[in-house]
Amino acid sequence: MSPPARRPPGPSVRQGTIASHCNKLAPCGQVGCATDFFVGGTFGSGFYDQQRVGVIKSGAMSTASTRPQLQIRPAHEDDAASMCELFNEAVQDHLETFDSDPRAVDDQRLLIAAAEQDPKHPILVADVRNWIAGWVVLAPYDTRIALDDIGEVFIYVRRTFRSYGVGRQLMRAIQEAAGKLGYRKLIGRILVENRDGLLLCRATGWREVGRHSAHARLNDGLHDVMMVEYLIPSSPVPHS
Ligand SMILES: CC(C)(COP(=O)(O)OP(=O)(O)OC[C@H]1O[C@@H](n2cnc3c(N)ncnc32)[C@H](O)[C@@H]1OP(=O)(O)O)[C@@H](O)C(=O)NCCC(=O)NCCS
């Protein structure tokens, strides 16, 4: 399948409308337009907001039978190149908290292989017709016994798919998986300038714990990092 046409990252799309985005790229409903995938609201609940639904209803519609579905599934080796591409987009956009340098596909492949051997630390991808729209990993946070039921989340959505609810769905999926795996808490560390990352966390039940000053050393200098946490609701936290 050929990649959907590129559009600018989320914020500029949110400031406009999906229709104006479509008109610039390709007619709605035509494969090759990223918005094609969202017709019918198959994606996150954010899709249903008034502005977006109003815009989409006026365009050419997919039918329920042709409507593509977002599938969230474990990553496999064949996903490495796409996942790497998404990760490297975040690096280029200066949104990746701990890396200034692009990742190599072989390194991504090793990370997938490690996750396949380690059910406690899954990697999930958002797959639309074999096109990877996003991915999320539940990584180890700290192996000390008092902290080993806490996981760290890293999440990436392809530029052309940002702000359509893919991140929200991936986040929900990893939160649910973490609950089933017996985690009691998730943590995240987000550059304070990463507005969309912080908004996604707010929208999915995370709490901002506090700000580390001059914390992440990236190629362009030191950056403040916001520590965020999500308490898994189903697991009661015993207090001593
Ligand atoms: C952060 C990121 C994963 C969000 O994914 P996304 O698919 O664009 O997010 P969603 O569309 O699901 O948005 C979820 C919520 O976040 C907020 N949000 C996300 N992007 C937003 C934007 N551009 N403007 C306003 N709100 C936004 C909204 O509250 C939204 O809820 P809504 O849809 O009900 O309005 C994505 O921007 C990304 O991949 N960024 C680069 C990598 C990164 O920063 N990862 C996080 C640190 S590891």
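The values are calculated or read from the model by the stated rules, or taken from the named source; none is laboratory data. As the structure is a prediction and not an experimental result, all values here were calculated from the model. Note: ideal-geometry Cβ built from the backbone for every residue, glycine included; neighbour counts use all protein chains shown.
Filter segment 66-95 for residues that are free of Cβ contacts under 8 Å to residues at least 40 places away in the same chain and in a loop (DSSP other than H, G, I, E, B) and give the result. Within segment 66-95, THR66, ARG67 qualify.
Residues in segment 190-202 that are more than 8 Å from the ligand (Cβ to nearest atom) and touching a residue at least 60 places away in the same chain (Cβ under 8 Å): GLU193 only. Among the residues of segment 141-168, just one is outside any loop (DSSP other than H, G, I, E, B), near the ligand (Cβ under 6 Å from one of its atoms) and among the charged types (D, E, K, R), namely ARG168.
Name the residue, out of ILE187, ILE174, that is away from the ligand (no atom under 11 Å from the Cβ) and not in a strand (DSSP E or B).
Answer to the selection: ILE174.
Considering segment 138-180, the residues that are of a type in the set (Gly, Ala, Ser) and touching a Pro at 6+ places or on another chain (Cβ under 8 Å) include one that is nearest to ASP196 (Cα to Cα), namely SER163. Is it the case that some residue within segment 109-127 is within 14 Å of the ligand (Cβ to nearest atom), assigned by TED's automatic domain parsing to the domain that holds LEU218, assigned to a loop (DSSP other than H, G, I, E, B) and surrounded by fewer than 20 Cβ atoms within 10 Å (Cβ to Cβ)? Scanning segment 109-127, I find no residue that is within 14 Å of the ligand (Cβ to nearest atom), assigned by TED's automatic domain parsing to the domain that holds LEU218, assigned to a loop (DSSP other than H, G, I, E, B) and surrounded by fewer than 20 Cβ atoms within 10 Å (Cβ to Cβ), so the answer is no.
Sort out which residues of segment 93-106 are loosely packed, with under 13 Cβ neighbours inside 10 Å and acidic (Asp, Glu), and write them in order of number. Within segment 93-106, ASP101, ASP106 meet the criteria.
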